[in-house]
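Notes for the one structure printed next.
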Amino acid sequence: APFRALASDGRSKLGMQGSLHPQSLRRLLYSKAEDWSRLFPLGACYTCQDAALTNCNYGPKVDAFTDDAGWTYASTFDRLEARRLGGRSTYRYGDKVRCRRWLRGEEATVPRESYLCHDDFTRVLGSLSNSMNKVLGQRGLTRFPFDPSAAYYRRQKDKDRYQSLCCTLRPWGDADTLSELLVGALYSRAAYGYTGRTGMFDSLGAGAVVFSVQRPVFDLAEHVDDDSNDWSFVDMLGLRGDDLVERIWRVQSPLQPVYAIARDHAMKWIVVAVRGTLSTKDMLTDAAAHCVEFLEGSAHEAFVRTSQKLLHDIH
């Protein structure tokens, strides 16, 4: 048990004279004797979630530099204090140690809310199945483009169609609206946080690396700490730190939005910037492409559900 292990070597570790007893260490953490003696008998193990149920004098420090339980990770203990690109809030390949700090006078807290929802995975699979059935059910085998050149001809046809539609557009000279769209484009990039700030999507080659060989080593969607994403967001937009009102940089399941809410004093805007595809969960959201009724038309089912979740969160 942790109390017994510390008590056995308490003199050298704490620099104290005399002997230590496991129960003395329990009293240091838990002020009410009936709490620690009932829930944590001598020799028993416990978790952080259990500790949160008691009147605890200490709690783990959880902030933008740590994970939801207060941990930071490194390859060696000496590296824990060294800066690392993307932060140390998540485990990466090669990490061997982890550390967290406890603060006296604060209660141990249960890790921040998790959005893991098995129903979301079920909805994604159902939507993907429906969309595939619709496509396959409307085409016979003779209509599938087995000819390798078919893709080229289809691409050329789509290109010609796009050019013809562009020619039908009327001249547009609304400079004010154009300037607002350009500022909005900056927010679209900033919504990717650290990934956008470091130029990971500046080219097709760099983007391909993000979604392939780099992911097992350093997953930009999961391994970057909140502090790095926060700084990247405000730096790209020239905002102050307190202008970032709310943000969610990681989610636990598909159909969940990653977004940032900011105050833009220069534009007099309150901006909700929603990130596009970056994580594997985002790819699952993209795959749920069944069409559903939306307003007076139809829309991508996953985008509708994700938008509804976003509106629920910000309200």
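Quick look at the numbers
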item: Checklist (1) under 37 Å from the mean Cα position of the chain (by Cα); (2) at pLDDT below 75; (3) of a type in the set (A, V, I, L, M, F, W, C) applied to Ala190, failing item; result: (2)
item: Residue satisfying all of: in the stretch 221-239; assigned to a loop (DSSP other than H, G, I, E, B) and of a type in the set (A, V, I, L, M, F, W, C); farthest from Arg275 (Cα to Cα) among these; result: Leu239
item: Candidate set: the stretch 203-225, residues that are surrounded by fewer than 20 Cβ atoms within 10 Å (Cβ to Cβ) and in contact with a Gly (Cβ under 9 Å, 6 or more places away or on another chain); chosen: the one modelled with the highest pLDDT; result: Ala206
item: Complete set of residues in the stretch 278-301 that are part of a helix (DSSP H, G or I) and either open to solvent by 30 Å² or more (accessible area, probe 1.4 Å) or in contact with a strand residue (DSSP E or B) (Cβ under 6 Å, 6 or more places away or on another chain) (or both); result: Thr280, Lys281, Met283, Leu284, Asp286, Ala287, Glu301
item: Sole exception among (1) at pLDDT 90 or above; (2) among the hydroxyl-bearing types (Ser, Thr, Tyr); (3) within 20 Å of the chain's Cα centre (by Cα) for Thr90, by number; result: (1)
item: Any hit, the stretch 257-267, residues being over 25 Å from Ser307 (Cα atoms) and not acidic (Asp, Glu); result: yes
item: Residue match in the stretch 158-166 (condition: modelled with pLDDT under 90 and part of a loop (DSSP other than H, G, I, E, B)); result: no
item: Pairs with Cβ under 8 Å, 6+ apart, first in the stretch 168-190 and of a type in the set (Val, Ile, Thr), second surrounded by 10 or more Cβ atoms within 10 Å (Cβ to Cβ); result: Val183/Asp264; Val183/Met267
item: For Leu244: the one exception among (1) in contact (Cβ under 8 Å) with a residue 40 or more places away in the chain; (2) surrounded by 18 or more Cβ atoms within 10 Å (Cβ to Cβ); (3) not basic (Lys, Arg); result: (1)
item: Residue tally, condition β-branched (Val, Ile, Thr) and in a helix (DSSP H, G or I), over the stretch 167-200; result: 3
item: Residue selected from the stretch 247-278 under the condition of a type in the set (D, E, K, R) and farther than 22 Å from Thr198 by Cα, by the criterion farthest from the chain's Cα centre (by Cα); result: Lys268
item: Of all residues making up the stretch 156-188, the number that are open to solvent by 100 Å² or more (accessible area, probe 1.4 Å) and either aliphatic (A, V, I, L, M) or closer than 21 Å to Asp225 by Cβ (or both); result: 3
item: Residues satisfying the stated conditions in the stretch 191-202, i.e. open to solvent by less than 60 Å² (accessible area, probe 1.4 Å) and either touching a His at 6+ places or on another chain (Cβ under 7 Å) or free of Cβ contacts under 8 Å to residues at least 24 places away in the same chain (or both); result: Gly199, Met200
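The values are calculated or read from the model by the stated rules, or taken from the named source; none is laboratory data. Note that the structure is a prediction, hence the values are computed from the model and not measured. Here the Cβ is made from the backbone with ideal geometry for all residues, glycine too, and neighbour counts use every protein chain on show. Just so you know, the surface numbers come from the protein's heavy atoms only, side chains and all, with ligands and any DNA or RNA stripped out. Shrake-Rupley method; radii C 1.70, N 1.55, O 1.52, S 1.80 Å.
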